[in-house]
Amino acid sequence: MATSDSDAGGTDSEAGGDPGPDAEGAGSEHRQPESGSRPDDGNAVALRAVRKTYYLGEPVHALDGVDLVIPRGSYTAVMGPSGSGKSTLLNLIGCLDTPTEGEVWVNDREVSALSQRERTRVRGQEVGFVFQTFNLMPKLTAAENVALPLVFEGIDKRERIDRATELLDEVGLADRAGHRPNELSGGQRQRVAIARALANDPAIILADEPTGNLDQETGTQIMGLFQRLHDEGNTILMVTHERPIAEYAQRVVHVLDGTIERVEEIESPRRVESDGP
Amino acid sequence: MEFAESLRLSVRAVRSHRLRSALTVLGVVIGVAAVITFVTLGTSLRADVLGQVGGERSPNLYVWAGPEGQNGGPGAGAQPVFTTRDLDQLANIEGVASVVPRGIVPTAAISAGNDTVAQRQAIATSPAYFDSGSVADGRAFRQGSREVVVNERAAGLFDPSLSVGATVSLQLASGDSVEAEVVGVQNSSAAGGAFEGLDGGSQPLVFVPTDPFYRTTVESPATGERQRVYPTVTVVAEDFAAVPDAKVGVQAYLTNRSDAARLVPDDYAFAVRSDEDLVDQLQELLTTLTNFVTGIAVISLVVGSIGIANVMLVSVTERTREIGIMKAVGAQNRDVLQLFLIEAVLLGAVGAILGIPVGVAGAYLAGEYIGLDLVLPYEWFAIAVAVGVLVGVVAGLYPAWSASKTDPIDALRYE
Ligand SMILES: Nc1ncnc2c1ncn2[C@@H]1O[C@H](COP(=O)(O)OP(=O)(O)O)[C@@H](O)[C@H]1O
Ligand SMILES: [Mg+2]
């Protein structure tokens, strides 16, 4: 698996191809976020004074002035009560949504200023989404689901099959390639979803309560998988409301009423003993 | 997104709702089949009719006086206005070879032996009527004698059927009864002449000489004598090249100097038609008829396309979440549009392709029933497929467009 670093050089030519000084795979594991860093200095993600307001009669500030930097190769958890703006934050980074104010940078590119078309490309190429409800295509097999982002990128069939096979193998589901989602357990579905999120070698994996629909043991397996992906150099941003799950990350961003309440560094993140799925 | 992959995904979507897709396709099948059936029948009917008429053209001009502005066939609404003097004058026009009058003798019945058969009319004409050689057995009657020619259909009404030499008794509408000898039997397959209509041969026809049978007379305005007067006249030109000039001559005579011009009712007009005119008129009529029936069939095609639109709208709503997923992993609006449009086109095209054989089968059955030889309109098969695709595009456009505009966040939240 490529690191997020080489991915940046490979897919984002418009950002000037600056891989940045950090993000040497697992070496960046204990890197601290620099509060004064510029948005375009090689971080995976940076948010500047981001506000998202919904107008439903009364304006609702889902996010109310958020500054956040996610360095390449980092593993960050986002916690907060329901309705505090966690999903909104992820959707903005994942280009599913646009901020009302402020800037969102992904892989050294200001995505909040892009056209809808280009934001769709960023979704397909720079980020990988993992959802609480898996969101797999019900009529496609596991392998086809994993290959779906490649379809929209115009990768040819042979390459898609190779890549999907490789990724399913990586998440331990090589023997389930031809199964439909309804023939898989919840944990298996989430692993297919994770494989799909990795298909385009994204700069960041965005996971919105990935263990929310899973029992504890299966959730731990998924955390084991994230841990391995992080060890391999991937950048992960994960929303959760379970403290034990958040402790697998290097730091926890606490969100309250659309603002970042505090950022907590985890001294020694929890580790899953046997991370093989 | 490559086309092959879109097609594969669309096929899978269509197949995942077999019954629904099948019913939708059925709607298009019925529409296309209806169009193909009627177009095939129309084409075949035209070929058949024109084959009959066009097959044996003669340098004839069919002349009658009918209500102004009406477009009926030869002799429609004809009034008896052409006097014997008119016939003589017409025969003198340059390029005219002969003039054959035709009148109706109202009858009640014909008897032969012990059989009596109801027959509404006998056709009074001159022996020249049979110059084309349509008498298969015997000869044409002679003017001034009590002789008749019957067609095979009329002969067959009797048991044993009438043959040359038989004696028949014509009961006239006036109540009188006249004995006559059958001198000829006309071949049924011979067109009875334009005034007998296209299916003339399939009706029982009895021909009699105008003298002595035809009794409709009028005082000729030109000569003051009482003369026979006929509703329809066939002017035979010397050859095809002479037809146009003869037509002009006939028209000029009729309007300017004829008895007919003075006898004709006010809002009546003379019709002088060549075979070619009749074919043109017939062709026009058939085209109108075919277009009308095809138009009705097209309505069922429109209904079929509404079915596609309906199913596509349901499909888009049902798959809102899938659309959200695809967009979340990088599907452009264009990709989503393409997917749904291909799905709609697939339904339309499959419907059209299946509709063609069904339509041909329908035309075949109908053709068997009415005894029509089929002429397959191959170009319409291509048109049908194109229309099927078009119907898919038109019906799928709005649903596909609305799918492509779906907001991914809303779609992912959709239950
Ligand atoms: N499409 C929307 N329209 C209106 N309000 C919204 C919409 N999406 C989110 N919100 C509001 O924004 C706030 C944050 O929502 P969300 O980010 O989903 O919270 P969380 O994921 O932390 O539970 C909530 O108050 C929610 O009601
Ligand atoms: Mg949420």
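The values are calculated or read from the model by the stated rules, or taken from the named source; none is laboratory data. Keep in mind it's a predicted model, so treat the numbers as computed, not measured. In this analysis, Cβ positions are derived from the backbone assuming ideal geometry, glycine residues included, and neighbour counts consider all displayed protein chains. Remember, those area values only see protein heavy atoms, side chains included, never the ligands or the DNA or RNA. Shrake-Rupley method; radii C 1.70, N 1.55, O 1.52, S 1.80 Å.
Miscellaneous remarks
- Potential lengthening between B:Arg226 and B:Ala241 on full extension [0.36 nm per residue; Cα-Cα distance subtracted]: 1.8 nm
- Distant alpha-carbon pairs in chain B (separation over 26 angstrom), percent: 66
- Label-to-label distance, B:Ser174 versus B:Arg142, with points set 7 angstrom from Cα along the beta-carbon direction: 2.4 nm.
- Degrees, to the nearest 10: B:333-370 long Cα axis against longest axis of chain B: 30
- Residues in segment A:90-126 occluded by at least 50 Å² - accessible area, probe radius 1.4 Å, against chain by itself: A:Leu96, A:Arg117, A:Thr120, A:Arg123
- Electrostatic dipole magnitude of segment A:4-265 [Cβ: Lys, Arg +1; Asp, Glu -1; Cα centre; debye, to 20]: 840
- Whichever aspartates and glutamates have a C-alpha closer than 13 Å to that of B:Lys327, once near sequence neighbours (fewer than 8 apart) are set aside: A:Asp97, A:Glu118, A:Glu153, B:Asp335, B:Asp407, B:Asp410
- With the charge dipole of chain B set up from +1 on Lys and Arg Cβ and -1 on Asp and Glu Cβ about the Cα centre, the Cα lying farthest toward the positive end among the listed residues B:Leu26, B:Val316, B:Gly371 is that of B:Val316.
- Label point of A:Leu56 set 7 angstrom out along Cα-Cβ; within segment B:394-415, amide nitrogens under 19 Å from it belong to B:407-415.
- Contact residues in segment A:150-169 by the 20 Å² criterion (accessible area, 1.4 Å probe, full protein complex versus chain alone): A:Val151, A:Phe152, A:Lys157, A:Arg160.
- Axis of helix B:378-404 versus longest Cα principal axis of chain B: the two differ by about 30°, to the nearest ten degrees.
- Placing unit charges on the Cβ atoms only, positive for Lys and Arg and negative for Asp and Glu, gives the protein assembly as shown a dipole magnitude near 1340 debye about its Cα centre.
- The listed peptides B:166-174, A:146-154, B:100-108, ordered by packing as a protection proxy, come out as A:146-154, B:100-108, B:166-174 (highest mean of other Cβ atoms within 10 Å first).
- Calculated diffusion of segment B:35-128, Stokes-Einstein form, Kirkwood radius summed over Cα pairs, 37 °C and 0.692 mPa s, µm²/s: 190
- Treating each Cα of the protein assembly as shown as an identical point scatterer and summing with the Debye formula, the log10 of I(q)/I(0) at q = 0.06, 0.08 Å⁻¹ comes to -0.58, -0.71.
- Taking the charge dipole of the protein assembly as shown about its Cα centre, with +1 at Lys and Arg Cβ atoms and -1 at Asp and Glu Cβ atoms, the residue from B:Gly113, A:Thr98, A:Val192 reaching farthest to the positive side is B:Gly113.
- Taking label positions 7 Å along the Cα-Cβ direction at both B:Leu313 and A:Gln116, the computed distance is 2.2 nm, reported to one decimal.
- For B:Leu61, the residues 5 or more places off, or on other chains, whose built amide H falls under 5 Å of its own are B:Val235, B:Val236, B:Ala237.
- Accessible surface buried upon B-A contact (total; probe 1.4 Å; Å², nearest 100): 2500
- Net lengthening on full extension, B:His17/B:Ala91 (0.36 nm per residue, minus Cα-Cα): 19.0 nm
- Of all DSSP-defined beta bridges confined to segment A:4-265, some 55% are antiparallel rather than parallel.
- Over segment B:80-263, the alpha carbon radius of gyration divided by the compact-protein estimate 2.2 N^0.38 Å works out to 1.07.
- Once you divide the Cα radius of gyration of segment A:4-265 by 2.2 N^0.38 Å, the number left is 0.96.
- J(HN,Hα) series, segment A:160-176, from Karplus relation 6.51 cos²θ - 1.76 cosθ + 1.60, nearest Hz, glycine and proline x: 4, 5, 4, 5, 5, 4, 4, 5, 5, 4, 4, 8, x, 10, 4, 7, 10
- To put it simply, the accessible area of segment B:80-263 at a 1.4 Å probe is 46 percent carbon and sulfur.
- Protein-protein interface of segment B:291-325, residues with accessible area decrease of at least 40 Å², isolated chain reference, 1.4 Å probe: B:Arg321, B:Glu322, B:Ile325
- Portion, in percent, of the accessible area of segment A:4-265 that falls on carbon or sulfur, probe 1.4 Å: 46
- Mean Cβ count within 10 Å, highest first, over the residues of peptides A:226-238, B:230-242: A:226-238, B:230-242
- Peptide-level mean, for B:401-413, of C-beta atoms on other protein chains within 10 Å: 2
- Residues in the protein assembly as shown average 44 Å² of solvent-accessible surface per residue, probe 1.4 Å, ligands and nucleic acids excluded.
- What you get for chain B, charging only the Cβ of Lys and Arg (+1) and of Asp and Glu (-1), is a dipole of about 1600 debye around the Cα centre.
- Of B:Ala76, B:Val229, B:Leu354, farthest towards positive along the dipole that unit charges on Lys, Arg, Asp, Glu beta carbons give chain B: B:Leu354
- Shielding by partners, peptide B:329-341 (average Cβ within 10 angstrom, other chains): 5
- Taking every DSSP beta bridge that has both ends in the protein assembly as shown, the antiparallel portion is near 75%.
- Ratio of Rg to Rh over segment A:43-184 (Cα coordinates, Kirkwood Rh, two decimals): 1.03
- DSSP bridge pairs, segment B:80-263: antiparallel proportion in percent, nearest 5: 80
- In this rough spin-label picture, where each label sits 7 Å from Cα along the Cβ direction, the B:Asn187-A:Thr165 distance is 7.8 nm.
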